[in-house]
Amino acid sequence: MRRDSYLQFRIITADTYDELTEKLNRVMFELRHKEPGVEFEGHTVRIRYKESELHPEDLTEEYRLKGVDLHCLDCPFFDPLRNKDGSVNRAAKRGSCRFATYGETSRDRMACEKMFEMLNRGEIKLVKGVEEC
């Protein structure tokens with residue numbers, strides 16, 4: 001993910017210092033996470049602050065930026081480790097995947113680009129919250 005930052009300015013003016021203080025405090029609270037800096041000149045205040053934009057560099061980051069945070073466990077290609085009787089070993093965190101390096105991955109690992117490409121093309125659909133029987 002690439003982050004671009006740039007400076008912005010906000011000018012506040014008021015007729016009295018009390019009014020200026022009230023406006024300034026309100027704006028400083030609003031900009032508190034943007035590294036504000038203040039310059040005074042009479043009843044005028046110039047506030048300098050930083051704006052940032054995130055630019056996804058691949059499909060996985062595009063989905064994450066939209067709030068879609070998927071893991072290998074959510075992928076239909078993830079095959080969890082199984083017990084000798086064929087039931088899912090719920091204690092094991094690893095499983096197999098045909099797209100993973102060496103064919104194995106962790107269920108908690110972030111989903112790969114391949115899964116998001118297939119999801120984007122409509123080749124797979126995900127159903128969250130369904131318990132395995």
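The table for this structure:
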| item | result |
| --- | --- |
| Residue identified as open to solvent by 80 Å² or more (accessible area, probe 1.4 Å), out of contact with any Pro (no Cβ under 6 Å at 6 or more places or on another chain) and within 30 Å of GLN8 (Cα to Cα) among GLU35, GLU51, GLU123, GLU19 | GLU35 |
| Failed criterion for LEU59 (all others in (1) closer than 30 Å to LEU7 by Cα; (2) without any contact (Cβ under 8 Å) to a residue 60 or more places away in the chain hold) | (2) |
| Residue in the range 4-12 that is of a type in the set (A, V, I, L, M), within 30 Å of GLY122 (Cα to Cα) and surrounded by 10 or more Cβ atoms within 10 Å (Cβ to Cβ) present | no |
| Any hit, the range 51-69, residues being within 30 Å of LYS23 (Cβ to Cβ) and among the aromatic types (Phe, Trp, Tyr) | no |
| Selection count, the range 90-120, where residues are open to solvent by 40 Å² or more (accessible area, probe 1.4 Å) and farther than 17 Å from ARG64 by Cα | 12 |
| Residue list for the range 54-73, filter: among the acidic types (Asp, Glu) and either open to solvent by 100 Å² or more (accessible area, probe 1.4 Å) or farther than 30 Å from LEU126 by Cα (or both) | GLU57 |
| Residue, nearest to GLU117 (Cα to Cα), within the range 1-60, restricted to residues that are among the polar types (S, T, N, Q) and assigned to a strand (DSSP E or B) | SER52 |
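The values are calculated or read from the model by the stated rules, or taken from the named source; none is laboratory data. On a predicted model such as this, the values are computed, not experimentally measured, just so you know. Note: ideal-geometry Cβ built from the backbone for every residue, glycine included; neighbour counts use all protein chains shown. All accessible areas refer to the heavy atoms of the entire protein, side chains included, with ligands and DNA or RNA removed. Shrake-Rupley method; radii C 1.70, N 1.55, O 1.52, S 1.80 Å.
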